[in-house]
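A short reminder: the numbers here are calculations on the coordinates, not readings from a lab. Remember, it's a predicted structure, so these values are computed and weren't measured experimentally. Ideal geometry is used to build each Cβ from the backbone, glycine not excepted, and the neighbour counts take in all protein chains shown.
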């Protein structure tokens, strides 16, 4: 029921945007959000690893507990069948993802508890500074290409959005 409502909402929104762009092609330029504003919440200055490793006798078992809880959630999901058959594949995929990540988190928690220095090479590879400006520039280039394409062919974009919205509405009504 919730998935159907989400599809219905997304479908109505896409249909409305598509109709607006079909009627007024210049509206494409007003439907976009600046990349810098969208990435405002990204703050790379938060560092927790020193605290995490300093108190590894506490954080390690808590991490193991989190992994075990994810595996338990996978076990609960595997035992329950969804009300709608269309959600069966989603439940199965979620079960597998929960189990794999839960097992990996539990193993990392055991390693942190016993010997946290063993994770140092992994931490050095994964814990590198990623510049927010590089991400913004990459997203700006991707977004500019998309905006140029929609600005050149606004009616095609509007038609595709309207058809996608109708498809989502159809899927939502079929699932209700």
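Numbers at a glance
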read-out	value
Inter-site label distance for residue 146 and residue 103 at 7 Å from Cα along Cβ, in nm	3.5
Shape of region 79-172, Cα gyration tensor, a/c cut at 1.5	oblate
Nitroxide proxy distance, nm - points 7 Å out along Cα→Cβ at residue 2 and residue 159	3.8
Full-extension gain in nm, residue 58 to residue 96, via 0.36 nm per residue minus C-alpha separation	10.9 nm
Relative exposure of 126, 117, judged by other C-beta atoms within 10 Å (fewest first)	126, 117
Quotient of Cα Rg and 2.2 N^0.38 Å for region 50-123, N being how many residues it contains	1.37
